1. Grab the strands (runs of 3 or more DSSP E) fully contained in segment 224-281, keeping just those with 1 or more residues being more than 14 Å from the ligand (Cβ to nearest atom).
2. Considering each residue of segment 99-128, count those that are in contact (Cβ under 8 Å) with a residue 12 or more places away in the chain and either within 12 Å of the ligand (Cβ to nearest atom) or among the basic types (Lys, Arg) (or both), and give that number.
3. Give just the number: which of (1) within 16 Å of the ligand (Cβ to nearest atom); (2) in contact (Cβ under 8 Å) with a residue 60 or more places away in the chain; (3) touching an Asp or Glu at 6+ places or on another chain (Cβ under 9 Å) does residue 65 not satisfy?
4. Any idea which of 370, 329, 321, 348 is open to solvent by 60 Å² or more (accessible area, probe 1.4 Å), on the phi < 0 side of the Ramachandran plot and within 26 Å of the chain's Cα centre (by Cα)?
5. Go through (1) among the small types (Gly, Ala, Ser); (2) farther than 29 Å from residue 163 by Cβ; (3) surrounded by 21 or more Cβ atoms within 10 Å (Cβ to Cβ) and name the single condition residue 419 misses.
6. Picking from 70, 65, which residue would you name as being at pLDDT 95 or above, of a type in the set (Gly, Ala, Ser) and in contact with a Leu (Cβ under 7 Å, 6 or more places away or on another chain)?
7. Report every pair of residues separated by at least 6 positions or lying on different chains whose Cβ atoms are under 6 Å apart, first residue within segment 350-370 and over 23 Å from residue 63 (Cβ atoms), second assigned to a helix (DSSP H, G or I) and open to solvent by 60 Å² or more (accessible area, probe 1.4 Å).
8. Could you say whether any residue in segment 278-291 is polar (S, T, N, Q), under 29 Å from residue 135 (Cβ atoms) and open to solvent by 60 Å² or more (accessible area, probe 1.4 Å)?
Amino acid sequence: MSLQVSELFAAREAERYALHSRYLNEQMVRVLRTIGFDRGYLKGAGQYLFDRKGDRYLDLLSGWGVFAIGRNHPVVRSALKEVLDDSFPNLVQMDVSVLAGVLAERLLRYVPHLEKVFFTNSGTEAVEAALKFSRTATARPGIVYCSHAFHGLSYGSLSVNGDEIFRSGFGPLLPDCLEIPFNDLGALERALSSRQIAAFILEPLQGKGVAVPSDDYLPGAAALCRKYGTLLVADEIQTGLGRTGRFLAGEHWGLEPDIVLLAKSLSGGHVPVGAVLTRKWIFDKVFDRMDRAVVHGSTFAKNDLAMAAGLATLEVMESEKLIENAASKGERLLSAFRKMAERHELLKTVRGKGLMIGIEFGAPSSLRLKASWNLLETVSSGLFCQLIVIPLLKEHRILVQVAGHGIPTIKLLPPLIISDSDCEWIEHAFEAVIAAAHRVPASIWSLAKTLMENAVQKKVSNFGEQTSTPSR
Ligand SMILES: Cc1ncc(COP(=O)(O)O)c(C=O)c1O
């Protein structure tokens, strides 16, 4: 007897939305149906997804930043097959893993000022470990984090989440967590001067809205952390592993954090894995005696499939020069979008580094467009972005997301393998859709029509909430 997974997938794939509505997250299915994102993809290869008709889509979402090396990369698949075909002594627990040792050694080569690695199963678990390590290493209670930060959704991570929509209804959260504005050194110094702060945790570029710090911010923050004895924790879960055109985004500013967090694309898109890279003295404070050798950990961390996925991912990043590709394609796209902003008054600013790009829309100056913009803003803040995101998928087969709840920014997070012809596809599609959005009210009626078709039973006043697509 064996389970034929491919047959099962083929036999049941048409029922996916019904299954999810019945047994999983019904609200997610409603969101997908409302904005016409219920495409029922059948295959993924590299930067592309394929639907039932065999139509090819360009994925600028990358599974929230997981598919840096693209979907189903042959090097990762072959490494995983090897692990499965061999009989490695996986997860012995009262022994140590060979592959974990090698992956740790390899990761630290990219971040030579750090000396130890702690592996986890996900991004949020890496954040939890960093919070625990920081408190115990400094014997201080406080954690400082930034407004609009996203570090995951388990309790520690949620306690340092700078967005009320994620926190609401889940309190009480961890005590002694203090929120400050991003990119504000004065606020940071006021927070740290109590000398009660164990760690300052931040994303070097914030995922929400793609916020890029001013050039003095990260070096200034590192200096303040040193001055007040606070650990600097760089959450590079989204920005790390080449995403911004450097191995770590912090490298753009010469940052040397005390703790660096990785996850997402380290998985090769196949096996969840996270990593906490730290200074030795911090690690030694946590694991300080033999009876504390397992004081923090997780059963499945360091499993052979995850370690092999991490090793294969780094191999692909190096052999395909993906960090360099992220830098050059990112520059090309940023410059193309900046030129578009000169032509289209609703396109306000373009931000980013490498292949993490935010395109922000804003109130127009001309009276002709103002009324339509205000109408959409009244229905729901950020709804304008649906005028872009929906036709990008429907008419141009480009999958992209709004960069956060209620903010008028679209985020591009493509696989780092994208080619020049993919860039042309992106530039052509955005130009067409943004130009159409300026031809109001036709574009608004077309948006309303799509929403109506997909949610006929709903009142128009509910569309805003339904279409505030989940994002990170
Ligand atoms: C910057 C950042 N940190 C942490 C996380 C949480 O990672 P995970 O979803 O694997 O728990 C995310 C996920 O989106 C993230 O973007």
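1. Answer list for segment 224-281: 231-235, 274-278.
2. Adding up the residues that qualify gives 11.
3. The one condition residue 65 does not meet is (3).
4. Only one candidate passes the filter, namely 348.
5. Here residue 419 meets the rest and fails (3).
6. Details: 70 fails: in contact with a Leu (Cβ under 7 Å, 6 or more places away or on another chain).
None of the other options fit; the residue is 65.
7. Correct list of pairs: 350/338; 364/370.
8. Checked segment 278-291: no residue is polar (S, T, N, Q), under 29 Å from residue 135 (Cβ atoms) and open to solvent by 60 Å² or more (accessible area, probe 1.4 Å).
The values are calculated or read from the model by the stated rules, or taken from the named source; none is laboratory data. Keep in mind the model is a prediction, meaning the values are calculated, not measured. Every residue, glycine among them, receives a Cβ derived from its backbone with ideal geometry; neighbour counts consider all protein chains shown. The area values use the complete protein model at the heavy-atom level, side chains included, leaving out ligands, DNA and RNA. Shrake-Rupley method; radii C 1.70, N 1.55, O 1.52, S 1.80 Å.
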